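The values are calculated or read from the model by the stated rules, or taken from the named source; none is laboratory data. Computed from a predicted model, the values in this text were never measured in an experiment. So basically every Cβ, Gly included, is an ideal-geometry build from the backbone, and we count neighbours across all protein chains shown. Surface areas here come from the heavy atoms of the whole protein model, side chains and all, with no ligands, DNA or RNA. Shrake-Rupley method; radii C 1.70, N 1.55, O 1.52, S 1.80 Å.
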Amino acid sequence: MKLAIVGSVGLPAKYGGFETLVENLALHHDANRIECAVTVYCSAKFYADRPDRFHNVELKYIPLGANGPQSIPYDIVSMFSALWNGADVILVLGVSGAIAIPLLRLLGSARVVTNVDGIEWKRAKWRSASRWFLRLSERIAAKWSHVVIADNAEIAKHIMAHYGVACNVIPYGGDHVLATCADDSAREELPSRFALAICRIEPENNVAMIVEAFARQPAIDLVFVGNWSASAYGLGIREHFAGIPHLHLLDPVYDAARLKSLREGASVYIHGHSAGGTNPSLVEAMHCHDLVLAFDCGFNRSTTEGAAHYFRDCNHLGTMLAQIADGTIKPRLGVLKEIADRRYRWEIVARQYFDIIS
C-alpha cells in the first residue's frame, strides 16, 4: 500500500502541530516496520537542505509555501502529485485544498482521509471572503472525504451537526516534550518560579487578556513565549506592556532543550486558546504541569476532561492568580498527567491513524 501525506510544512518537524504529527507517524511507521510505503509532501521554500528520505519515509518537495494563501495551491498540487504517483490513501491535513477533493475522487481511486483541523473559518484573523472560502472548504472536506478525522470531540460534534458526517476522533500526542534533557541556560535571567504561556500571538489565543491580568497581579511573574514581532497585534501588546518587570515577553523558542527548561521552571501553565480543537500546546502542558489555567471553552474542557481551572475574562483570570498566590488554588498532583498518559501519547495516536489508513 502507498500512503501520501499532504498539508504539512514537511519533515523534519520545525513548525507546528501538523508537522509534529507527521514526524511521529513517520517514526512509528519506521519503528514498527509497517508494510506501507509512505511519502510526505514538503514545502521546498521551508527547507534549504532537502534530503530524499526521513526515517524510511520518502520526501517530495513542492516549490510553494505551505502557509497563508499559497497553502491552497500547495495542498492541491501535492494531492494530484500523490494521485499521479499511485497513492492508495491520501492523508490530507487541514482543509486549505479541500476544494479539489471532488475532482481528486473523480479522477482516481485513492481513499481520501482528511483531518479537518479546527474550525478555521471562525478565527478572528480571517476577513469575510477568506472566512466564506474556509467554511466552503470545510463542507467539501466533510462531504467528499472517505474518512474524516477530528482532533477533538467538540469538532466532531460540529461536523455532525452541520454536515451529518461522523468523525473519527484522534487527538495529538504530547509526550515528545519529555524526551529531551533541559538546557537550564534558558532560565538564567528569569525568576526561580513563574507562570508560563507558549503560543502564536493571535487574538483568538486571548494574549492581550492574559498579559493584562498578569500586569495587574505582580505577585506572579509571567514568562510568555511567542512570535510578538509577526503582527501589529503582537507588537502593540509588547510595546504597551514594556517596562513591567514581572512580565517576560520572550521571542519564539524552538530548541526543545530550552523549552524543557522553561517548562520545568513553571509553577503554572496558562492556555488562552479559544479556537481550534485539541491544541498541541495544551496536551504538551498536561504532560509537564499539575496546574493549568485554560480559557473556558468546550475544546479546552474536552481536552482536559474538566481537570484544569478555567477563566472567562481578564478579571476572572486575575482573581484566579490571586488565589494561586495566597494558596487557595493548589495543583492537582498527577491528575492531568494521568489523562495525558491515557490519551495523548504518540504511540496511541499513531496506531489509531494507521488503523484507519490500513
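For the stretch 1-52, which trypsin sites (Lys or Arg not before Pro) pass both filters: DSSP loop (anything but H, G, I, E, B) and at most 14 other C-beta atoms within 10 Å? Answer in residue order: 14, 33. Element breakdown for the chain at a 1.4 angstrom probe: carbon and sulfur atoms account for 52% of the accessible area.
Longest stretch of the chain clear of exposed loop sites (GluC sites (Glu not before Pro), DSSP loop, at most 11 other Cβ atoms within 10 Å, sites excluded): 190-358. Neighbours of residue 39 by Cβ distance under 13 Å: Lys/Arg scored +1, Asp/Glu scored -1, total 0. Of the trypsin sites (Lys or Arg not before Pro) in the stretch 77-175, which ones lie in a loop per DSSP and count no more than 15 other C-beta atoms within 10 Å? When the trypsin sites (Lys or Arg not before Pro) of the stretch 77-175 are filtered for loop state and at most 15 Cβ neighbours within 10 Å, 125, 127 remain.
Label sites at residue 84 and residue 313, each approximated as a point 7 angstrom past Cα along Cα to Cβ, lie 5.5 nm apart. The long axis of helix 17-31 is offset from the longest Cα principal axis of the chain by roughly 60 degrees.
Antiparallel beta bridges, as assigned by DSSP with both residues in the chain, represent about 5 percent of the total such bridges. Between 0 and 90 degrees, rounded to the nearest ten: what's the tilt of helix 256-265 against the longest Cα principal axis of the chain? That helix lies at roughly 30 degrees to the long axis.
Using the Cα centre as the reference, give the magnitude of the dipole from point charges on the C-beta atoms of the stretch 1-115 (Lys, Arg: +1; Asp, Glu: -1; all else neutral), rounded to the nearest 20 debye.
The calculation lands at about 160 debye.
With contacts taken as Cα pairs under 8 Å at a separation of at least 6 residues, the chain carries a relative contact order of 15 percent.
In the full protein context, the chain carries 43 Å² of accessible surface per residue, based on a 1.4 Å probe and ignoring ligands, DNA and RNA. Scaling the Cα radius of gyration of the stretch 55-152 by the globular reference 2.2 N^0.38 Å produces a ratio of 1.07. Only Lys, Arg, Asp and Glu carry charge here, each on its Cβ (+1 for the first two, -1 for the last two); on that basis the chain has a dipole of about 940 debye about its Cα centre. Just one of (1) 135; (2) 144; (3) 194 is volume of the Cα convex hull per residue in Å³ as worked out from the coordinates here. Which one is it? Given (1) 135; (2) 144; (3) 194, the structure-derived one carries the label (1).
Taking a Cβ cut-off of under 9 Å around residue 59, the surrounding Lys, Arg, Asp and Glu residues balance to a net charge of +1, with basic ones at +1 and acidic ones at -1. Over the stretch 252-313, one equal point on each Cα, no solvent: what is log10 I(q)/I(0) by the Debye formula at q = 0.12, 0.18, 0.22, 0.26 Å⁻¹? One equal scatterer on each Cα of the stretch 252-313 leads to -0.28, -0.62, -0.88, -1.12.
When only DSSP loop residues count, what chymotrypsin sites (Phe, Trp or Tyr not before Pro) in the stretch 202-269 have their Cβ near at most 11 other Cβ atoms within 10 Å?
Of the chymotrypsin sites (Phe, Trp or Tyr not before Pro), the ones in loops of the stretch 202-269 whose Cβ has at most 11 other Cβ atoms within 10 Å are 254.
If we count every other residue with Cβ under 15 angstrom of residue 262's Cβ, Lys/Arg +1 and Asp/Glu -1, where does the sum land? Walk me through the numbers on the way to the answer.
Working: positive: 187, 193, 258, 260, 263; negative: 183, 184, 188, 189, 221, 251, 255, 264, 284.
Local net charge: -4.
How much length would be gained if the chain were fully extended between residue 67 and residue 351, taking 0.36 nm per residue of separation minus their Cα-Cα distance, in nm to one decimal?
Between residue 67 and residue 351, full extension yields an extra 99.5 nm.
Helical content of the chain, expressed as a calculated mean residue ellipticity at 222 nm, amounts to -12000 deg cm²/dmol (DSSP H runs of 4 or more residues, -39,500 (n - 2.57) each, divided by residue number, nearest 500).
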